[in-house]
Amino acid sequence: MNSIQSFERLPLVALRSFESFARLGDIAAAASELGITPSAISHQLHALETALGMAVTERRGRRLGLSDEGRRYFEAVRPAFILLNSATAQLRQNSLPPRIIISALPLLATGWLVPRLERFLAAHSDVAIQVQYARYRNYSSDAADVSLRFGTGDWPGYASEKLLSGTAYPVASRTFVARHGPFVMPADFLAAPLIHDGTSEQWTRWLSDAGLAPSAALKGMVCEDGMLTRSAMLAGIGVALTRPDLLEAELQDGRLLVVSERGVDDGQDYYLCVRSDQNPSPTVRQLAAWLRRSLRPVPSPHG
């Protein structure tokens, strides 16, 4: 064997086989990683030795290992392969469409956000959206790019602006109103089955604001969250205090009715929150602007 050939003449397929074999220490493992046969690995190692003009492998009993020259050569070329892999991974990452993670409370997500997203995606087909539920009791674990939250608007690490009113109104199904209505005066609700979203606190405040003295323990089903409250209303179980903005579809098709214009406001609203610990990407800014413009109701499927 004579002098080493220049890099341009090196068989790169053979070099790749050598790197895999040297790193894994086994021909069968290298063949599995590269999706070729063990005999093809052996052939490529021989081709590399021919090109280099030196043996990079040697027999150790029944196993094939690296020679001293092969070990030194692997240590020299390994950083180049790491760099290539890193550059390839970065290129693939950059070629992926921009992804936005949106978190929202379940009823806000299903009743208000998701029905509107089709219009955003139609106008921004290059954006990938990931929607996940926000954890109302632990917002601090939320690492979303855009978060739709319920509260007073003060969350560390996020810039927030009011999106929807948190004022709740009595809502019930059409069949429930037919059985238990009409609801003309606030006192009419005292005899009706009630649904409590989380606690009976809202109904206590609503009745007190209307000049009534609710009993110490209001009866009725208690639901853990808005999704369960919605299901209970649709099932005709009772009348609940909830936010009409989150029930657009059900109110538009008449399955649910707002049965009183008297609302209750506990000082909490729905907020559009964007992370303030990093500069929002142009795509995140586009989505935030679009959400602000999307406060008008979704068009009715029947109209």
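The values are calculated or read from the model by the stated rules, or taken from the named source; none is laboratory data. Nothing here was measured: the structure is a model prediction, and the numbers come from that model. Glycine gets a Cβ as well: all are built from the backbone with ideal geometry, and neighbour counts include every protein chain shown. Side chains are part of the model used for accessible areas, which takes the heavy atoms of the whole protein and leaves out ligands, DNA and RNA. Shrake-Rupley method; radii C 1.70, N 1.55, O 1.52, S 1.80 Å.
The residues in region 284-303 that are within 16 Å of L246 (Cα to Cα) and modelled with pLDDT under 85 can be counted, and the count is 7.
The helices (runs of 4 or more DSSP H) found entirely in region 185-303 that carry 2 or more residues being open to solvent by less than 50 Å² (accessible area, probe 1.4 Å) and either touching a strand residue (DSSP E or B) at 6+ places or on another chain (Cβ under 6 Å) or closer than 13 Å to A168 by Cβ (or both) are 201-209, 226-234, 282-293. Within the option set G226, G267, G211, G198, being on the phi > 0 side of the Ramachandran plot and in contact with a helix residue (DSSP H, G or I) (Cβ under 8 Å, 6 or more places away or on another chain) holds for one residue only, G211. For region 50-72, how many residues meet the condition of being out of contact with any Ser or Thr (no Cβ under 9 Å at 6 or more places or on another chain) and either among the aromatic types (F, W, Y) or in a strand (DSSP E or B) (or both)? Total meeting the criteria: 3.
No other residue among R99, R179 is open to solvent by 40 Å² or more (accessible area, probe 1.4 Å), at pLDDT 90 or above, among the basic types (K, R) and out of contact with any Gly (no Cβ under 6 Å at 6 or more places or on another chain) apart from R179.
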